[in-house]
Every structure is written in C-alpha cells, then in structure tokens.
Amino acid sequence: MTIKPLVILPDPVLRQVSKPVERVDGALGKLADDMLETMYDAPGIGLAAIQVGEPLRMLVIDLSREDEPAAPQVFINPEIVEKGAAASVYEEGCLSIPDYYAEVERPATVRVRYLDRDGKLREVAAEGLLATCLQHEMDHLDGVLFIDHISKLKRDMVVKKFKKLARDRQPPRRMVG
Ligand code: NI
C-alpha cells in the first residue's frame, strides 16, 4: 500500500467533477487500499479519490475509534436516494483544507446506494457521523468543498489564507546571471 500526496486547497483539481467507476477490478481495489492508507496516515475519517488526484467516484470511510479495530468502508459510485427532513450541525474539517474547521448543517439522515469493493450493489440508511461524512465525501465527487456551505465571508478568508500558504511553499527562485 502506498501513502499518496494529498491535493490541498486551492488546487483546482479539487473542483473537478469525478467520473463514475466503470469497472470494479484489482486496480480499483489497489486505489481503495492506497486511499485508506493515506487517510489513516493523515489521520482522517473519510477521503474521496479526487483528494489523491484520481477523478473517480469512489470514497473511503472509517469511523472506528482509536481503541476499536479498524472498520474500513469503500463506497463506489455512491448516490443519495433519500434525504431526511431533519437537519444536523457538525463541526467539519477536511484533509484538503488542513487545520480549518467550521460548523456545517446537512440532512441528519440519508439513504445512500453504492457498490462495495466487490462490486456488489448495496444501500445504507446513514445517520449521525456516517451521514455527515458520506455527504461531505460525496460533495468532493462533484467538486464541492465543505467551505461552500459556510458564509462567503468566511470562505473567502480561508481561500485567501490557503492561497498565501501555497505561494509560501513555492521554492525561492534562483538568481540567474
Ligand atoms: Ni474533505
């Protein structure tokens, strides 16, 4: 398994709309394992393929606590088939927007249809953290970030900060001549 570099804001790759997975094969399984390894290393509880630069509709989630055995879940071509009427607010973060957290309101429950890593069609009625996490990761598949759900003022401040950080990461230019 390989830990892959994470795509960080303001990289435009994060705004790409990911394509449906057409074949659930060994290569896809390898990508899922690499995504899990990358997520555990970060550490995080969810990761979409686009966050490691692969524009495919696949995400991984593991909500187990540190004192519990790992419980990796792979969701391929996930679709929300039903949203609950009640909303819940959760303080979200994102591995592509490190060290920034903000409260986001989303439907408290969702029913999601997806393929598992064996290509089997499944459905889950998600609530609580799983519902939040699934919606956050599925947003990534459409190029949407959790900061799109907060006020424009706050979002602009975050984007500005990450643009500056990206500039500062550039190696200094060598003097020529
Ligand atoms: Ni995220």
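So the values come out like this:
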item: Complete set of residues in the range 119-161 that are over 20 Å from residue 46 (Cβ atoms) and of a type outside the set (Val, Ile, Thr); result: 119, 120, 121, 151, 152, 153, 154, 155, 156, 157, 160, 161
item: Criterion violated by residue 75 - all others in (1) of a type outside the set (Lys, Arg); (2) over 16 Å from the mean Cα position of the chain (by Cα); (3) over 24 Å from residue 158 (Cβ atoms) satisfied; result: (2)
item: Top-ranked residue of the range 138-152 - restricted to ones that are part of a helix (DSSP H, G or I), open to solvent by 10 Å² or more (accessible area, probe 1.4 Å) and within 17 Å of residue 55 (Cα to Cα), ranked as farthest from the ligand (Cβ to nearest atom); result: 138
item: Residue list for the range 94-137, filter: part of a strand (DSSP E or B), over 22 Å from residue 11 (Cβ atoms) and within 16 Å of the ligand (Cβ to nearest atom); result: 103, 106
item: Subset of the range 57-109 (residues that are open to solvent by 50 Å² or more (accessible area, probe 1.4 Å) and farther than 21 Å from residue 42 by Cβ); result: 79, 80, 81, 82, 83, 85, 86, 87, 89, 103, 105, 109
item: Unmet requirement for residue 89, which otherwise passes all of (1) over 12 Å from the mean Cα position of the chain (by Cα); (2) closer than 23 Å to residue 34 by Cβ; (3) in contact (Cβ under 8 Å) with a residue 12 or more places away in the chain; result: (2)
item: Among the residues listed as 63, 14, 36, the single one being under 28 Å from residue 158 (Cβ atoms), in a loop (DSSP other than H, G, I, E, B) and within 16 Å of the ligand (Cβ to nearest atom); result: 63
item: Which numbered condition residue 29 fails, given (1) within 16 Å of the ligand (Cβ to nearest atom); (2) within 27 Å of residue 69 (Cα to Cα); (3) of a type outside the set (A, V, I, L, M); result: (1)
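The values are calculated or read from the model by the stated rules, or taken from the named source; none is laboratory data. None of these values were measured; they are calculated from a predicted model. Ideal geometry is used to build each Cβ from the backbone, glycine not excepted, and the neighbour counts take in all protein chains shown. What goes into the accessible areas is simple: the full protein's heavy atoms, side chains included, and nothing from ligands, DNA or RNA. Shrake-Rupley method; radii C 1.70, N 1.55, O 1.52, S 1.80 Å.
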